[in-house]
Amino acid sequence: MKETVLKVENLSKLYRLGEIGTGTLSHDLNRFWARVRGKEDPYSLVGQVNDRTSEAKQDYVWALKDNNFEVKQGEVLGIIGKNGAGKSTLLKLISQITSPTEGSIKAKGRIASLLEVGTGMHPEMTARENIYLNGAILGMSKKEISSKFDEIIEFAGCKLYMDTPLKRFSSGMRVRLGFAVAAFLEPEILIVDEVLAVGDAEFQKKAIGKMKDVSRGGGRTVLFVSHNMSSVKSLCSRAIVLEHGQIRFDGEVNEAIHRYLTEGSVDGVYEYKEFSGDDKNTSNEFVQINSIGIKAVGKHYGEPMNINNELSLVIDYTKKLSDVRLDTTIQIKGEGGNYLLASGSGSIDDMDNTTQTGRIRHQVILPSNFFNASSFYVNLLVNQNRKKINLRVDDILKFDILPKETALGQYMGKSQVPLRPEFKWTYAQTDELT
Amino acid sequence: MENVKCIFENKNMGKGLNKIESWDVVIKPKSSWFKLNLRELIRYYDLLVMFIKRDIVTVYKQTVLGPLWYFIQPILTTAVYILVFGKIAGMSTDGLPKPVFYLCGIIIWNYFSECFIKTSDTFLTNQNIFGKIYFPRLIVPISKVVSGLIKFCIQFILFLGFYLYYMFQEGYSYGPTWYLVLLPVLLVLMGMVGLGFGLLFTSLTSKYRDFKFLIQFGVQLVMYASPIIYPLGSLEDGSTLKTVISLNPLSHIIEYFKYAFLGKAEIIDWGIWYSGLFTILVLFIGIIVFNRTEKNFVDTI
């Protein structure tokens with residue numbers, strides 16, 4: 001059995017909401033007075049759950065609350081969650097940038113964090129000097145850097161510019177240089193936060209490959225935070241899903257991605273959702289989404305949808321503006337979060353209700369024998385006058401397509417390609433066979 | 001019955017203790033009051049060197065005169081002091097050549113103010129780096145003190161030039177004294193008192209920016225409360241003014257420094273001990289406050 005190298009226990013972090021002003025001075029004094037008397041922090045009791053959409057009721061919020069997990073040696077743990085779920089706070093705590101309010105983190109070996117590439121690089125210094133500077137900031141000794149110097153330059157691919165000040169570099173080149181230094185870091189635990197989002201495709205591939213090597217060959221542990229489900233999937237074996245500052249799921253990566261993308265669904269029926277006007281995610285001053293659903297034509301919501309079923313996707317919304325044309329667009333993504341297609345009602349030439357307000361229903365029929373047996377995710381966009389986007393709801397809907405003639409719940413297999421349309425194939429013999 | 005149970009539990013606890021694994025890093029909400037992890041600081045020695053190099057190399061990049069600015073600034077300041085305090089106000093320089101007298105005070109004062117001002121905005125200027133990566137935060141202020149010392153050494157060469165030039169001029173008689181052996185002690189004290197105050201102020205500024213304004217004119221005020229532009233001996237003995245200025249721990253370091261080179265200054269025997277104790281106290285408090293601040297300053301800055 002592999003050794004546990006990172007252990008997180010009851011980890012919580014309290015943040016203050018709002019600005020620092022005169023109020024905080026009195027809070028500081030109160031807190032100090034409480035500590036002098038040996039009492040508990042008077043403000044820790046009142047923190048509210050970290051839900052960014054709800055109204056601020058108290059001055060303090062728990063960015064993280066009572067989180068426990070362990071990571072074994074050589075494991076690549078993905079951390080996923082929506083914006084503001086506490087991912088970055090968690091990484092900051094583990095990389096010792098800020099300290100927890102409660103709980104503890106225990107680790108074996110050096111921890112190095114890559115929350116940003118090229119931290120501390122100075123624009124006036126040359127690339128060579130910056131490699132040494134950045135390496136030192138990351139905790140490498142001069143000797144270590146010197147021994148890997150040639151490899152670093154080669155990885156970054158900027159031998160030509162070695163003695164050029166960094167300020168003359170393009171932003172992409174700076175990232176390459178920064179990542180190259182970090183890639184040759186040899187900590188026991190490496191923490192990576194979406195730094196791969198920059199840089200060209202070739203470099204991203206290189207970077208992901210390097211991270212895989214680090215964990216497999218070197219037996220090092222990697223904690224990886226990303227919104228890009230395909231890189232999480234290709235890199236991680238296990239993932240945790242953070243929601244409102246708490247771990248909602250901890251386990252196999254595909255299952256975790258599934259949980260993340262279907263967050264907030266009720267009763268396991270993902271194919272139909274209703275929304276109230278209070279939900280700020282699905283309504284604003286222009287439009288309010290009432291419901292969205294997908295089903296096989298001739299069946300009910302929640303019944304299995306097969307490859308050979310024609311699908312009907314219905315969006316019901318309330319239009320709050322008169323004299324504008326509102327259109328809905330759907331984007332469909334595959335299991336890994338890759339975009340597959342987009343289609344919108346903008347293709348309707350005459351829409352006669354543009355002057356009125358009220359409830360509108362858009363329906364789109366998706367052809368049969370088009371999707372493969374897999375899971376799909378829908379983004380919904382509402383456009384005004386076919387130009388401006390008024391509302392965007394990511395992952396509003398999730399649906400599964402089953403192979404032909406399979407009852408609900410039986411299909412467990414994985415597909416290789418998300419789309420398998422039945423195009424028109426013909427054949428003709430072009431050669432005389434003997 | 002209960003006793004038996006207790007023993008049983010204790011046995012289990014004993015086993016548990018044996019199993020407790022050794023962790024290299026333990027992150028907890030609270031730590032001891034005074035934590036100076038010297039081993040960690042030594043491990044990051046290379047980073048210290050890189051920071052010092054960065055400070056020295058990058059300051060005058062893309063300037064025509066480059067490192068000459070290290071000389072120009074004290075020369076111009078000296079010229080202004082000669083004009084304003086020497087000529088217009090007619091203040092005494094203890095019978096010493098004006099350029100030597102003022103320059104002597106200016107370089108030691110510059111060293112202090114460099115150490116203090118540069119370390120006092122550690123958190124503000126480094127919040128980007130500190131917010132992204134961990135290394136012992138104390139490395140940054142220490143590097144500022146060392147680069148301050150290097151800057152002092154460069155300006156010291158300038159001082160030596162004037163010092164030797166006027167020594168062989170007619171009408172002046174001054175020279176070094178045995179107090180010169182105290183020079184390293186004086187420089188360490190000056191740097192450490194600057195560091196101590198700097199650590200204290202950077203911690204305060206990280207949450208309350210009010211202190212930033214205080215620092216700006218505070219340094220100016222303290223300079224006038226130190227014997228830089230006047231000899232301590234020129235003040236009337238027993239006057240309140242003299243008492244106040246003698247209570248300024250910087251005064252003694254400056255007077256000892258002047259005495260070591262010029263042989264003319266008012267040095268008090270307990271002065272250096274007073275300054276030394278004060279320095280240790282300020283540095284101690286500074287490190288405590290700095291340690292407490294560095295843990296969470298990212299959230300409040």
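Exactly which chymotrypsin sites (Phe, Trp or Tyr not before Pro) in the range B:93-179 are in a DSSP loop and have at most 11 other Cβ atoms within 10 Å? Could the numbers behind the result be given before it?
Values: sites: B:101, B:102, B:109, B:111, B:112, B:116, B:123, B:130, B:134, B:152, B:156, B:159, B:162, B:163, B:165, B:166, B:168, B:172, B:174, B:178, B:179; in loops: B:134, B:168, B:172, B:174.
Loop-located and lightly packed - B:168.
What translational diffusion coefficient, to the nearest whole µm²/s, does the range B:151-289 have by Stokes-Einstein, given a Kirkwood radius computed over alpha-carbon pairs, a temperature of 20 °C and 1.002 mPa s viscosity?
129
Add -39500 (n - 2.57) for each DSSP H run of 4 or more in chain B, then divide by its residues: what number comes out at 222 nm, to the nearest 500 deg cm²/dmol?
My calculation for chain B gives -22500 deg cm²/dmol from helical runs alone.
Within chain B, which complete DSSP H helices have Cα atoms spanning at least 30 Å along the helix axis and a mean Kyte-Doolittle hydropathy of 0.0 or higher?
Qualifying helices: B:98-120, B:139-167, B:183-207, B:269-300.
Quick one: longest stretch of chain B between exposed loop trypsin sites (Lys or Arg not before Pro), exposed meaning at most 14 other C-beta atoms within 10 Å and loop per DSSP?
B:62-208
Please give the charge dipole size of the protein assembly as shown, origin at the Cα centre, charges +1 on K and R Cβ atoms and -1 on D and E Cβ atoms. Round to the nearest 20 debye.
980
Could you name the aspartates and glutamates whose alpha carbon sits less than 17 Å from that of residue A:108, not counting residues in the same chain fewer than 8 places away?
A:3, A:9, A:70, A:75, A:186, A:188, B:21, B:24, B:40
Once Lys and Arg get +1 and Asp and Glu get -1 on their Cβ, which of B:140, B:183, B:64 lies farthest toward the positive end of the dipole of chain B?
B:140
Run the quick spin-label model on residue A:347 and residue A:281: label points 7 Å from Cα toward the beta carbon, then report their separation in nm to one decimal.
My value for the distance between the label points is 2.8 nm.
Starting from the amide H of residue A:311, placed 1.01 Å from N in the peptide plane, find each other amide H under 5 Å away whose residue is 5 or more places distant or on another chain.
Those qualifying (amide H under 5 Å, at least 5 residues apart or on another chain) are A:297, A:366, A:368.
If the convex hull of the alpha-carbon atoms of the protein assembly as shown is projected onto planes in all directions, what is the mean projected area in square nanometres?
For the Cα atoms of the protein assembly as shown, the hull's average projected area reads 52.7 nm².
For residue B:258, which aspartates and glutamates qualify as cross-link partners when the Cα separation must be under 13 Å and same-chain residues fewer than eight apart are set aside?
B:94, B:266
Among the lysines, which fall within straight-line cross-link reach of residue B:87, defined as a Cα-Cα distance under 16 Å, with same-chain neighbours fewer than 8 residues apart omitted?
Reachable lysines: B:98.
Among bridges DSSP assigns within the range A:73-261, what percent are antiparallel (round to 5)?
About 30 percent, rounded to the nearest 5.
Every read-out reported here was derived from the displayed coordinates using simple, explicitly stated rules and does not represent laboratory data. Quick caveat: nothing in here was measured; it's all calculated off a predicted structure. Neighbour counts are summed over all protein chains in view; Cβ atoms, including those assigned to glycine, are modelled from backbone coordinates with ideal geometry.
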